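The values are calculated or read from the model by the stated rules, or taken from the named source; none is laboratory data. Because the structure is a prediction, the values reported are computed rather than measured. As a convention, Cβ positions derive from the backbone with ideal geometry for all residues, glycine included, and neighbour counts pool all protein chains shown. Areas reflect the complete protein model, heavy atoms only, side chains present, ligands, DNA and RNA absent. Shrake-Rupley method; radii C 1.70, N 1.55, O 1.52, S 1.80 Å.
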Amino acid sequence: MENGYNVHTFSGTTLSEHPTEKFKQILWRPRPPTLLTKEEQKQVRRNLREYSREFEEEDRFAVDIANTAIVEMRKRVLNEWTAWVRREKELLQEEMEELGLKDGAEMYADGGAEKGEAEEEGDTVVEEIVEEIIDETEEVIG
């Protein structure tokens, strides 16, 4: 039976189904009469742009507040991160000094030596390529 009515949310999700036999029409509740007079309705229509400006200004203010909150949160997170990095660098430097690696401590306190810095200090990098023959077979073609 297809007669009846269904109640849906604004997104289309069915809230309830009411099948009714011999159902033909449903009338939605009538709108209540307006409390404004005809003249007041005309005045509202004339001043609608002014009202919309006020509401848009309030909306912009709300958005600005939200944006400043986001910016402040990002600044706080960035400050926490930089404080953590600074603290870790200090701990690393202290450990390097305890191990007697003062020269290396300054190099690693900056976040690590970049490629080429080791060569500038007189160290040489040697790359060794080793080839190993795993299996070798000879085949006579004749």
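Things worth noting here:
- Per-residue [θ]222 nm for the chain (sum of -39500 (n - 2.57) over DSSP H runs n ≥ 4, rounded to 500): -17000 deg cm²/dmol
- Axis of helix 48-98 versus longest Cα principal axis of the chain: the two differ by about 20°, to the nearest ten degrees.
- With every protein chain in place, the chain: carbon and sulfur % of accessible area (1.4 Å): 52
- Pairs of Cα atoms nearer than 8 Å and 6+ residues apart set the relative contact order; for the chain it is 9 percent.
- Protection proxy ranking, peptides 10-18, 80-88, average beta carbon neighbours within 10 Å, highest first: 80-88, 10-18
- Accessible surface, the chain, averaged per residue in Å² (probe 1.4 Å): 103
- Chain lengthening between Gln43 and Val77 when straightened (0.36 nm per residue, less Cα-Cα): 7.2 nm
- Net dipole in debye of the chain [+1 Lys, Arg Cβ; -1 Asp, Glu Cβ; about Cα centre; nearest 20]: 3840
- Mean Cβ neighbour count within 10 Å, used as a protection proxy, ranking 43-53, 29-39, 122-132 highest first: 43-53, 29-39, 122-132
- Taken over the chain, the alpha-carbon convex hull comes to 605 cubic angstrom per residue.
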